[in-house]
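What follows is one structure encoded as structure tokens, with my remarks underneath.
The values are calculated or read from the model by the stated rules, or taken from the named source; none is laboratory data. In this text the structure is predicted, and so the values were computed from the model without any measurement. All Cβ positions, even for glycine, are placed from backbone atoms using ideal geometry, and neighbour counts span all protein chains on display. The accessibility values were calculated without ligands, DNA or RNA, using every heavy atom of the protein model including side chains. Shrake-Rupley method; radii C 1.70, N 1.55, O 1.52, S 1.80 Å.
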Amino acid sequence: MLLASRPIAAFAVVGALSLLVAGCSGGGDDAAPSPSSSASRTASPTPTADDSQAAEPTDTASTPGDDDTSAADDDTPGAFPGSGATNQPDTDPSDFPATAVVTYAGWDTGSKTLQAGGLVSGTTDTSGKCTFTAKQGGVTRTATSTAQASASSVNCAQVAFPAAQVPSGTWSVTLTYAVGSASTTSDPMPAEVP
């Protein structure tokens, strides 16, 4: 009879600790960490030399919160792997989350035009406006093109600056992509006009 009372007492201690753990980790506003599962395991009795043959090793009943991973796991779906999306909140609307790049800027001898093309990575929103700007000294020329969707970016259609608008010399070409009041501008790419 003495041997049977120890496992019952052990279960009573484990049950009381489980209630305590459940009470401490239950949705309060304080940021106190909940005890780890090792705390409830240390409360289980260790057999002594007298009762090691009578008491079988028992596994304590698991309760919500006993599993170390249950606190980190929740039912909120995460971002699809490889999509580049995160579970972070949207950034400030004034911060445009895309990057414009001039992919080509050069002279076309056949049409005698300075041509430029580019893309905008980090967005697939084609409602924006592509504006290419060519600068040389104090002279600035602009040309707009349409935004075309691709799988992971926006392609800005190629533009052409006629020879009459771009005298010979080195020009600096940039691409600006604007959606509403938000915009992104590329680094300049040099282009030589003969």
Check: C-alpha center region 161-194 vs C-alpha center region 97-149, spacing in Å is 6
With the 1.4 Å probe rolled over protein heavy atoms, region 110-194 has an accessible area per residue in Å² of 49
Report ³J(HN,Hα) in whole Hz for each residue of region 132-149, in order, from the Karplus equation J = 6.51 cos²θ - 1.76 cosθ + 1.60 where θ = phi - 60°; Gly and Pro get x.
-> 9, 10, 10, 10, 8, x, x, 9, 10, 10, 10, 8, 10, 9, 7, 8, 10, 6
Distance in nm between residue 149 and residue 111 label points, each 7 Å along Cα→Cβ, equals 2.6
Note down the net charge around residue 185, summing +1 for each Lys or Arg and -1 for each Asp or Glu among other residues with Cβ under 13 Å from its Cβ.
-> +1
Efficiency of FRET between residue 121 and residue 163 - r from beta-carbon atoms, R0 35 angstrom, step 0.05 | 0.65
For region 93-194, which trypsin sites (Lys or Arg not before Pro) are in a loop by DSSP, counting at most 16 other Cβ atoms within 10 Å?
-> 112
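Quote to one decimal, in nm, the extra length available between residue 170 and residue 142 on full extension: 0.36 nm per residue of separation minus the C-alpha distance between them.
My answer for the length gained is 8.5 nm.
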Net lengthening on full extension, residue 129/residue 183 (0.36 nm per residue, minus Cα-Cα) | 18.5 nm
